[in-house]
Structure formats: structure tokens, C-alpha cells
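Following: one structure in C-alpha cells, then a few remarks.
The values are calculated or read from the model by the stated rules, or taken from the named source; none is laboratory data. Small disclaimer: the values here were computed from a predicted structure and weren't measured. Here the Cβ is made from the backbone with ideal geometry for all residues, glycine too, and neighbour counts use every protein chain on show. These accessible areas exclude ligands, DNA and RNA; they are computed on the full protein's heavy atoms, side chains included. Shrake-Rupley method; radii C 1.70, N 1.55, O 1.52, S 1.80 Å.
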Amino acid sequence: MALRVILTKKLLGSGFHAQPTSRIALSRGLQTFSLPDLPYDYGALEPAISGEIMQLHHQKHHQAYVTNYNKALEQLQEAISKGDSATVAKLQSAIKFNGGGHINHSIFWKNLTPISEGGGEPPKGSLGWAIDTDFGTLDALVKKVSAEGAALQGSGWVWLSLDKELKKLVVETTPNQDPLVTKGASLVPLLGIDVWEHAYYLQYKNVRPDYLKNIWKVINWKYANEVYEKESS
């Protein structure tokens, strides 16, 4: 039950609630979630990320997380109503995996934008200053994020986040679909890069470093700066 609460709070909190195209429905008193629209066409990020990858990633993979998250929440509600503690405990892994997948991807789509709309343009404002303070240069940050993403064993995510407790930027990785909140409640995701193979394999095969090199061309630093300014004020 605690995991459901923390995931739901994170989903409605920083990094997700600002997405106007995400939809939340109520069914028989149960909060359910649906696939958010992308703010750009599937092919808009080419050549960095192909339209085929974006379509499959959004329509198939993200949709599967949403579907299975809602299913797990419904089963959880039923188990709680019956006092079935064994089933409640059993469902926690499905809630964490699929709820995390929904949270992470909802952030990921916002972290990307076409080159024609500012993708890849260096961060400005307070985030730019913070990057220089905590990492020395933007190039140093990019190298650190790319290196940690390339070195992550198996599947997972690499994050640039604001640690509100330490009042500084930090780079973190999470395995599988674990959301950043599992690494600490004080961490706010500013930028998350998906390093699951489904995010790049059709285009980059097993060469993850090439994917991590090119994705910076379509990173939406403007969005990251907006989140940073809101959360650091």
C-alpha cells in the first residue's frame, strides 16, 4: 500500500502534473491512468531517434505499462477490500514496475523536443548556472550522464536530478523501471534518459553509446530549466 501511495504522489507531483495531455480517470472510485499524447510527431526527432522507434516505444511499450499499472491497481483495491494481505504484498512488484514505467516515460517524452523547436540548445537561466557550478561545464555533465548510462548493466534509466536536500544537481541511475523517487524522496527528476534496448535497438542495435551521443541533439533543456526553477525556488 505504501508503494502505491508514493508512486501516485510522485506521478501527480513534479515532472508529471505539468503535462496537459496526460489523462487521469476515475472508475468506481479507483484512480486510473491513460497514455499521454506526445507533444510532437513520431518522426519529429529524426535523425537522432527514428519515427519507427518513437511510435513503438510510445504506442506499445508505454501503453503496456499504463495498462498493467491500472490492472495492478484494480487488483490491489480488490485485495484490500477483501483483507487479502498476501495478494497485496504480491502486487507491489507489478505496481512498482508498471507505475514506474508510466512515470518515467511520461517524463522522458517531455525531455525531448525537435531540433526545429529548440532541441539540443544549451540550457539557459538558472539551470545553466547550476550545471556550471556543480559539474564545471555542460560538456562535463553530458559526458558523465552518457558514461553512467552506457555503463548501466541491463536495463534502466540515467537521470539528472535536483537534490532538494543537498541543494545541488546530481546524476543518478535506476534499474529496470524504478522511478527516481526510489533513490530518495528529495530527488526531483529534471532529465531522464531511457537506456532500455527498446528505446534504441532498431536504430542503434547494441551500440548504446551511439544512442547516448545522439540523443543530446533533441534534449529539451527548456523544459528541464522550467522544472528546476520551480523546484529550486
Check: For the chain, with every protein chain kept in place, what is the accessible area per residue (1.4 Å probe, Å²)?
Finding: 47 Å²
Note to self: Please list, by residue number, every one of the GluC sites (Glu not before Pro) in the range 140-233 that is coil in DSSP and has at most 11 other beta-carbon atoms within 10 Å.
What the structure shows: E165
Checklist line | Mean Kyte hydropathy of -0.5 or more with a Cα span along the axis of at least 30 Å, helices from DSSP in the chain | finding: 85-110
Check: Given charges of +1 on the Cβ of Lys and Arg and -1 on the Cβ of Asp and Glu, with all other atoms neutral, how large is the dipole of the range 64-213 about its Cα centre, in debye to the nearest 20?
Finding: 120 debye
Notebook entry, point to check: What does the helix-only formula give at 222 nm for the chain: each DSSP H stretch with n ≥ 4 adding -39500 (n - 2.57), the total divided by the residues, and the result rounded to the nearest 500 deg cm²/dmol?
Noted result: -15000 deg cm²/dmol
Check: What length, rounded to one decimal in nm, is gained on full extension from E117 through to E165, with 0.36 nm per residue of separation minus their alpha-carbon distance?
Finding: 14.0 nm
Checklist line | Distance in nm between pseudo-label sites at D210 and S81 (7 Å out along the Cβ direction from Cα) | finding: 5.2 nm
